[in-house]
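To keep things clear, I will list the structure first and then write my remarks on it.
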Amino acid sequence: MKINKIEINNFYSIKDVKFKFDKYKGIVLLEGINKDTGGSNGSGKSVLIEAVVWGLFGKTIRKSTEEALVNNKEKKNCSVKITVNDDIVIERGKKPVYLKVHKGDKELTRDNALNTQALIDELLQVNYKVFLASTVFGQQNNIEFINATPEDKRTIIKNFLNLDELFSLRDSVKALKSEYSQMVKRQDAGIQEHEKIQVTRKHIMAAEESRASYLSKIKKVPISSSEYHQVIEYNQLKKESETFEDIKKETLAKIQEAHDIKQEYNSKYEVMRFWEKGFSESGIVKYIIKNVLDYFNSKVNFYLSHLSQGKFFIEFDESLKETVTHNKNTIHYMSLSGGEKKKISLSVMLGLQELLRISHNQKTNLMFFDEVAENLDQEGLDGLYILLSELKKEKCLFVITHNNYLKSLMDNAKTVTMIKSNGTTKIKKR
């Protein structure tokens with residue numbers, strides 16, 4: 001996914017800003033000047049990142065309310081217009097609320113915002129969580145892979161590997177399994193009903209046969225008037241008996257047919273049970289994860305070796321449980337310092353980002369690093385800069401940092417300055 005440009009109006013502290021991402025390459029330092037309070041905090045550096053995320057997905061990185069999101073001076077007409085892949089334009093607004101999407105000259109907006117967002121995710125081949133985990137690194141992004149539950153870890157991997165189609169197949173299988181189960185139950189009900197009718201007819205036949213046996217003993221000639229009526233009744237019973245025999249055969253045939261249909265759908269049901277498990281978290285998904293583990297672990301440790309000078313190593317097993325070693329001694333992740341956790345967490349997130357290379361997802365042209373240098377020692381900062389230098393070969397990196405040492409390493413980088421004055425943020429470029 002290529003993010004071309006963005007237009008921001010009355011979003012947080014930004015009143016009116018147009019920014020072309022296409023103009024930038026390599027590392028771009030996002031700096032801030034807050035003339036209202038002094039210093040750089042609160043200048044709106046992160047607002048540019050927030051605007052991209054909100055424009056694409058209608059969600060913010062940090063928890064926010066509508067009142068906070070809409071510029072507190074204007075209090076209305078909040079909007080973000082973002083152009084992606086050269087010809088997809090997404091327009092999103094608050095007060096009033098709206099969402100529109102165009103591809104070229106054609107408007108693709110659907111009947112409601114939920115369906116329109118689903119279309120946007122489909123067009124971009126990425127969703128909110130995957131975008132955050134692969135594109136936004138830093139203090140505001142609360143997607144933490146290592147601290148996630150095993151199920152959440154598999155879900156994150158599933159999203160990165162674009163396995164949603166497998167899970168849609170599982171939903172189809174579950175629907176078919178339910179349909180086949182209902183068919184079996186209907187055949188059982190039909191069999192029971194036919195068997196009840198068969199039992200009733202057997203009782204009637206037995207009574208009629210007993211009566212017919214008696215009538216058959218009556219002499220044919222000469223006979224009295226009363227005996228004549230009995231003979232007529234006997235002949236009628238014979239005809240009914242023959243009819244019952246035909247009905248009996250038909251009922252038995254229906255029962256056999258129902259048994260055959262039941263057996264067929266029982267077989268189909270068992271097949272669907274197999275594939276339901278096959279498409280589950282413990283089936284094909286687990287198998288796929290098992291087969292990408294070597295790639296994932298190698299990428300994570302590639303980044304971690306730079307950040308820790310080779311002192312740390314991490315390996316995920318098939319259940320995605322991590323084992324961390326420091327100088328070849330196994331240690332618990334929770335026992336690490338803040339800086340050490342930062343190195344490992346950043347390495348894992350960058351390793352996840354690499355999974356996009358082997359999926360069908362489009363890779364973004366941008367990456368945002370928001371205060372990732374926090375708690376890192378000089379060794380970690382040197383490693384971070386080496387990583388940024390490696391990543392900038394393929395992407396444009398926007399970096400926010402207060403760390404002067406890291407800034408000195410990026411002395412030749414282009415700078416975009418967010419200047420806040422009288423509650424309003426503007427952008428100065430150089």
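The values are calculated or read from the model by the stated rules, or taken from the named source; none is laboratory data. If you're wondering where the values come from, they're calculated on a predicted model, not measured in any experiment. Here the Cβ is made from the backbone with ideal geometry for all residues, glycine too, and neighbour counts use every protein chain on show. Areas reflect the complete protein model, heavy atoms only, side chains present, ligands, DNA and RNA absent. Shrake-Rupley method; radii C 1.70, N 1.55, O 1.52, S 1.80 Å.
Assorted remarks:
- With every protein chain in place, region 88-137: carbon and sulfur % of accessible area (1.4 Å): 52
- Extension gain (nm, one decimal) between Thr243 and Asn404, 0.36 nm per residue minus Cα-Cα: 47.8 nm
- Relative contact order computed over region 275-421 (Cα-Cα under 8 Å; 6+ residues apart), in percent: 21
- Of all DSSP beta bridges confined to region 303-421, the antiparallel ones make up roughly 60%.
- Solvent-accessible area of Tyr287 with every protein chain in place, 1.4 Å probe, in Å² to the nearest 10: 150
- For region 1-99, the solvent-accessible area with a 1.4 angstrom probe is 45 square angstrom per residue.
- Karplus-derived 3J(HN,Hα), 6.51/-1.76/1.60, for each residue of region 260-275, Hz, glycine and proline x: 5, 5, 4, 4, 4, 6, 5, 5, 4, 4, 5, 4, 5, 4, 4, 6
- Accessible area per residue in Å² at 1.4 Å probe, computed on region 377-421: 45
- The local environment of Gly58, defined by Cβ-Cβ distances under 13 Å, has a net charge of 0 under the rule Lys, Arg +1 and Asp, Glu -1.
- The packing ranking, built from the mean of other Cβ atoms within 10 Å per residue, places the peptides 301-313, 62-74 in the order 301-313, 62-74, highest first.
- Where a label projected 7 Å from the Cα of Lys106 along Cα→Cβ would reach, residues of region 58-97 with amide N under 18 Å: 84-91
- Using a cut-off of 26 Å between Cα atoms, the listed pairs Lys158/Lys277; Lys174/Lys254; Lys18/Lys153 include Lys174/Lys254; Lys18/Lys153 as exceeding that distance.
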